[in-house]
1. Spot the failing condition for residue 147; the list is (1) open to solvent by 30 Å² or more (accessible area, probe 1.4 Å); (2) of a type in the set (Val, Ile, Thr); (3) in a strand (DSSP E or B), and only one is missed.
2. Give me a count of the residues in region 298-345 that are outside any helix (DSSP H, G or I), touching a Phe, Trp or Tyr at 6+ places or on another chain (Cβ under 8 Å) and among the aliphatic types (A, V, I, L, M).
3. Scan region 199-212 and tell me whether some residue there is surrounded by fewer than 19 Cβ atoms within 10 Å (Cβ to Cβ) and either in contact with a strand residue (DSSP E or B) (Cβ under 6 Å, 6 or more places away or on another chain) or in a loop (DSSP other than H, G, I, E, B) (or both).
4. Looking only at region 221-237, decide whether some residue is part of a helix (DSSP H, G or I), of a type in the set (Lys, Arg) and over 30 Å from residue 111 (Cα atoms).
5. Being more than 29 Å from residue 217 (Cα to Cα) and either open to solvent by 10 Å² or more (accessible area, probe 1.4 Å) or of a type outside the set (Asp, Glu) (or both) is true for just one of 271, 325. Which residue is that?
6. With the requirement that a residue be assigned to a strand (DSSP E or B), closer than 21 Å to residue 162 by Cα and of a type in the set (A, V, I, L, M), what does region 78-122 give you?
7. Of these, 226, 220, which one is surrounded by fewer than 23 Cβ atoms within 10 Å (Cβ to Cβ), more than 16 Å from the chain's Cα centre (by Cα) and at pLDDT below 95?
8. Can you tell me which residue is farthest from residue 140 (Cα to Cα) among those in region 329-345 that are buried (at least 19 other Cβ atoms within 10 Å of the Cβ) and not aliphatic (A, V, I, L, M)?
Amino acid sequence: MSYFRTITRLTVPALATLGLVFSLATLPGCGSRSGTDAENPTALADTTKPVVVDTLALKRQAARRDSLKADSIARKNGQLPGAILPGHRIVAFYGNIRSKGMGILGREPKEQMFRKFAGVLKEWQAADPSIPVQAALHNVTITAQGTPGKDGKWRLMNSKATIEEVISWAREHNCILFLDVQPGHSTLEAELPKLEQYLKQPDIHLGIDPEFSLATMPGIRPNQRIGTLDAKDVNFTINFLARIVSENKLPPKVLTVHRFTRKMITNYKKIKLDPRVQVVMHMDGHGNPVLKKDSYRDYIEAEPVQYTGFKLFYEYDGRPAPHHIMTPKEVLTELTPKPLYIQYQ
């Protein structure tokens, strides 16, 4: 545990020109949206010689071209079509559906949990009627472990069946889904490709957790020390997601980055934003409201990246009395900027 809009509408021909056409097979209330730009073969003057094609260079050129197009759209219109933020406030239940100890997602029987979630969503919508609430599940999918495992990386990925089950839970209840990564002694470069097949789907997004990133701390077991990620790791993740968005003609992905200490994210000023990825710096420490607000001010407000998030703990924020779980009204009136991503653990 940690202690711490409007969207300018573009015509289909215009989007096609920009290589950004996507389907809108919308899930009720859940923003489900769903090609790689084709490369035209180059005519060769001398067909008798073998042709060596540098596919990596071609991919880099395509990525740069797509990035420049995306950037130009964002400068002109403020954001890319289909972006969730800032036009919505995401409210998420966090945990792992196979664990009662990781959060409200998985702690209670499924239908009981979703009844509670429905009430929470109503509370947030009532607290700020000016912005629609987008429901989300946030499932820890690659989880730091207390044992090293066969490869010594101290992490374990959910089974395919578990991931598909939580996807079905989300879609049954009109939620988007975040797959969360705790790398242990592995790296994001090694772990994120395992999730690419799921991230190609328009309603699935990503979270990364520096607390459990210990590749730079040999011999340290998860939970012995708070881990760290650098701006280069966040940039790798942004580029990874941006490529998926371009190749599959998706709306922007949301990336949540957990943070409750300064050292959890180093060199934050070097994080390079891309309009295909919406970055949420998420204050996920627990404790009394005063301490939580101080952490938000020191590590989220004082070191801004793009959007902000805030976590509430059912089991830890309210103890000991008179501490309490902050209400939606308290969060929105006592935090600046008002977070657009809210997570309950």
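The values are calculated or read from the model by the stated rules, or taken from the named source; none is laboratory data. What you see is a predicted model; the values in this text were computed from it and never measured. A quick note on method: Cβ atoms are made from the backbone with ideal geometry, for glycine too, and the neighbour counts reach across all protein chains shown. The accessibility values were calculated without ligands, DNA or RNA, using every heavy atom of the protein model including side chains. Shrake-Rupley method; radii C 1.70, N 1.55, O 1.52, S 1.80 Å.
1. (3)
2. Counting residues in region 298-345 that are outside any helix (DSSP H, G or I), touching a Phe, Trp or Tyr at 6+ places or on another chain (Cβ under 8 Å) and among the aliphatic types (A, V, I, L, M) gives 6.
3. Yes, because at least one residue in region 199-212 is surrounded by fewer than 19 Cβ atoms within 10 Å (Cβ to Cβ) and either in contact with a strand residue (DSSP E or B) (Cβ under 6 Å, 6 or more places away or on another chain) or in a loop (DSSP other than H, G, I, E, B) (or both).
4. yes
5. 325
6. So in region 78-122, the residues assigned to a strand (DSSP E or B) come out as 89-96, 99.
Checking which are closer than 21 Å to residue 162 by Cα leaves us with 92-96, 99.
The one that is assigned to a strand (DSSP E or B), closer than 21 Å to residue 162 by Cα and of a type in the set (A, V, I, L, M): 92.
7. On inspection, the qualifying residue turns out to be 220.
8. Selected residue: 339.
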